[in-house]
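**Q** Okay, handing you the structure first.
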Amino acid sequence: PKSLNLKVRDPARFHFDPKLLLTLIAKTYINFSSESTFVEAGIAQMLNYFIFQLAGPKSLNLKVRDPARFHFDPKLLLTLIAKTYINFSSESTFVEAVVKDIRSFKLEVFHKVAHIFHRERMLPDDVIAQFEKFTQRCEELAASLATEEEDLGEIPDEFLDPITYTLMEDPVLLPSGQAIDRPNITRHLLSDQTDPFNRSHLTVDMLRPATDLKEKIDAWRQSKRQKREDMQIS
């Protein structure tokens with residue numbers, strides 16, 4: 001439409017600025033709840049992706065021809081990412097979303113970033129300590145989840161997410177009737193608002209809780225926990 005025909009005086013400045021986005025998120029408090037899973041998962045995955053790209057094994061390959069033009073300042077971005085993690089660290093659901101991001105969450109990257117902060121004196125000591133505390137919390141949760149997964153043993157196929165093949169914890173139904181774990185489909189919808197199985201239009205408000213399936217999964221997990229506890233007592 002003609003009303004959307006914008007004239008930009010300086011096209012180089014008309015683009016996404018990750019520093020601005022991270023600053024806004026870092027200064028904003030979001031009360032996470034079951035209704036805000038979409039936002040929660042999106043923030044956790046965005047932060048994990050950014051920190052992995054900036055400090056992961058391939059970070060040295062990350063080069064920008066004109067850093068100033070594109071507001072690319074790796075050190076500043078790392079500090080903003082760390083402050084954002086810290087800002088939401090009191091929310092257990094956020095920490096869980098960070099750890100369960102199987103695509104980008106890597107503990108070794110968090111440890112490396114903490115080392116960089118100390119070496120380069122990029123943040124005050126108390127802020128670095130908060131980031132290290134958050135990293136430790138993530139490490140403990142990751143270890144706990146790994147132990148639980150090992151104790152569960154073989155998972156029934158109907159309880160597995162069709163994309164990641166991991167146990168679903170918050171299954172939802174797509175309009176087609178396909179069940180999928182909520183965090184995985186919300187992550188997909190952040191960049192592609194289509195059903196990943198048939199490519200039909202899909203938005204987060206079209207998802208329906210798979211209540212019966214969740215009850216079955218919860219009952220199965222509880223039976224596994226009870227069996228483990230009985231074995232420990234005996």
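Just so it is clear, none of the values below were taken in a lab; they were calculated from the coordinates. Please read these numbers as outputs of a predicted model, since none were measured by experiment. Cβ placement follows ideal geometry from the backbone for every residue including glycine, while neighbour counts extend to all protein chains displayed.
**Q** Step through the table entries Lys106/Lys133; Lys106/Lys224; Lys133/Lys224, compare each Cα-Cα distance with 26 Å, and write down the pairs that go over it.
**A** Working: Lys106/Lys133 16 Å; Lys106/Lys224 28 Å; Lys133/Lys224 31 Å.
Over 26 Å Cα-Cα: Lys106/Lys224; Lys133/Lys224.
**Q** Modelling each spin label as a point 7 Å along the Cα-to-Cβ direction, I'd like the Asp125/Lys75 distance in nm, to one decimal.
**A** About 2.0 nm separates the two model spin labels.
**Q** Then there is this: How would the stretch 99-234 be classified by its alpha-carbon gyration tensor: rounded, prolate or oblate, with rounded meaning a/c under 1.5 and the a/b versus b/c comparison settling the rest? Walk me through the intermediate numbers first.
**A** Details: a/c = 3.08, a/b = 1.30, b/c = 2.36.
Oblate, since a/c reaches 1.5 and b/c is not below a/b.
**Q** So, one more: Give me the extension gain from Gln193 to Asp205: residue separation times 0.36 nm, minus the current Cα-Cα distance, reported in nm with one decimal. If you can, show how the numbers build up before the last one.
**A** Details: separation 12, 0.36 × 12 = 4.32 nm, distance 1.12 nm.
Result for the pair: 3.2 nm of gain on full extension.
**Q** Another one. Between Glu229 and Ser92, take the C-beta separation as r, use R0 = 25 Å, and let me know the FRET efficiency to the nearest 0.05. Display every interim value, and only then the final one.
**A** Details: r = 23 Å, r/R0 = 0.91.
After rounding, the FRET efficiency stands at 0.65.
**Q** Extending each Cα 7 Å along its Cβ direction at Leu152 and Lys58, get the distance between those two points in nm, one decimal.
**A** 2.9
**Q** So, by mean Cβ neighbours within 10 angstrom, what's the order for 131-140, 96-105, 52-61 with the highest one leading?
**A** Listed from highest to lowest mean packing, they are 96-105, 131-140, 52-61.
**Q** Going highest first, how would you order 141-152, 84-95, 177-188 by mean Cβ packing within 10 Å?
**A** Working: 141-152: 12.5, 84-95: 18.2, 177-188: 20.2.
In descending order of packing, they fall as 177-188, 84-95, 141-152.
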